[in-house]
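All of the numbers you see were taken from the coordinates with simple rules; none came from a lab. What you see is a predicted model, and the numbers here were worked out from it, not measured in a lab. Note that each Cβ is placed from the backbone with ideal geometry, even for glycine, and that neighbours are counted across all protein chains shown.
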Amino acid sequence: MTVYVDTSVILTLVLLDTGAQETLALLASLDELPAYSDLGFGEGVSGIGLRVRQKLLTVAEGALSIQGLGELLARWRRVPLESQDIAHATRYLHHFELGLRLPDALHIAITARLGFELITADRRQHAAARALGVATRTPFDEGA
């Protein structure tokens, strides 16, 4: 099954965050390259910018991280974000008990539309996707 990766996976790899080794191992086990959307790219740049503003990265490190982000995603399959994804994500947000925010709901909606499996390092998003009937895995607990 083709997999779609969300921003949590992308940033874990680009910034070598906790769990990068597990994430690399999971992606290395795939039969094909993962898919991502422009949402993941945009959120990734935003996440890097946040770390620069928080002084966790220098401006130069932020620029290098954005370059690395582009290089990583250039090797993967880009899938479009469509208007129907926003409508589906908004319906997912009606499930207040899932604790979803719009970007997470959008990643789930894109994955569902394409019939892919979601790979996320975000445990809440992982649980929400499962509750919504979307195939999902996390690098941290294959059985979750």
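Which residue pairs have Cβ atoms under 6 Å apart, sit 6 or more places apart or on different chains, and have a first residue in the range 76-91 that is in contact (Cβ under 8 Å) with a residue 24 or more places away in the chain and farther than 11 Å from Ile110 by Cα and a second that is surrounded by 14 or more Cβ atoms within 10 Å (Cβ to Cβ) and of a type in the set (Phe, Trp, Tyr)?
From the range 76-91, the pairs are Trp76/Tyr36.
What are the pairs, 6+ residues apart or on separate chains, where a residue within the range 1-29 that is aromatic (Phe, Trp, Tyr) has its Cβ under 8 Å from a residue that is surrounded by 14 or more Cβ atoms within 10 Å (Cβ to Cβ) and part of a helix (DSSP H, G or I)?
Tyr4/His107; Tyr4/Ile110; Tyr4/Thr111; Tyr4/Leu114
Take Gly68 and decide whether it is surrounded by 14 or more Cβ atoms within 10 Å (Cβ to Cβ) and of a type in the set (Gly, Ala, Ser).
For Gly68, the condition - surrounded by 14 or more Cβ atoms within 10 Å (Cβ to Cβ) and of a type in the set (Gly, Ala, Ser) - is met.
Out of all the residues in the range 107-115, is one or more surrounded by 18 or more Cβ atoms within 10 Å (Cβ to Cβ), within 13 Å of the chain's Cα centre (by Cα), among the β-branched types (Val, Ile, Thr) and assigned to a strand (DSSP E or B)?
no
Which residue, of Ile48, Ile86, Ile10, is of a type in the set (Val, Ile, Thr), more than 21 Å from Ala128 (Cα to Cα) and part of a helix (DSSP H, G or I)?
Ile48
Given (1) among the hydrophobic types (A, V, I, L, M, F, W, C); (2) within 17 Å of Ile10 (Cβ to Cβ); (3) in a helix (DSSP H, G or I); (4) over 16 Å from the mean Cα position of the chain (by Cα), identify the lone condition not met by Leu72.
It fails just one condition, (4).
Quick check on the range 95-106. Is at least one of its residues aliphatic (A, V, I, L, M) and in contact with an Asp or Glu (Cβ under 8 Å, 6 or more places away or on another chain)?
yes
Quick check on my filter: what residues within the range 13-30 are touching a strand residue (DSSP E or B) at 6+ places or on another chain (Cβ under 9 Å) and either surrounded by fewer than 19 Cβ atoms within 10 Å (Cβ to Cβ) or part of a loop (DSSP other than H, G, I, E, B) (or both)?
Listed by number, the residues that qualify are Leu27, Leu30.
Within the range 94-106, work out how many residues are part of a helix (DSSP H, G or I) and either within 21 Å of Gly47 (Cβ to Cβ) or among the acidic types (Asp, Glu) (or both).
The number of residues fulfilling the criteria is 6.
Can you tell me which condition Phe140 does not meet? The list is (1) surrounded by fewer than 18 Cβ atoms within 10 Å (Cβ to Cβ); (2) among the hydrophobic types (A, V, I, L, M, F, W, C); (3) assigned to a helix (DSSP H, G or I), and all the others hold.
(3)
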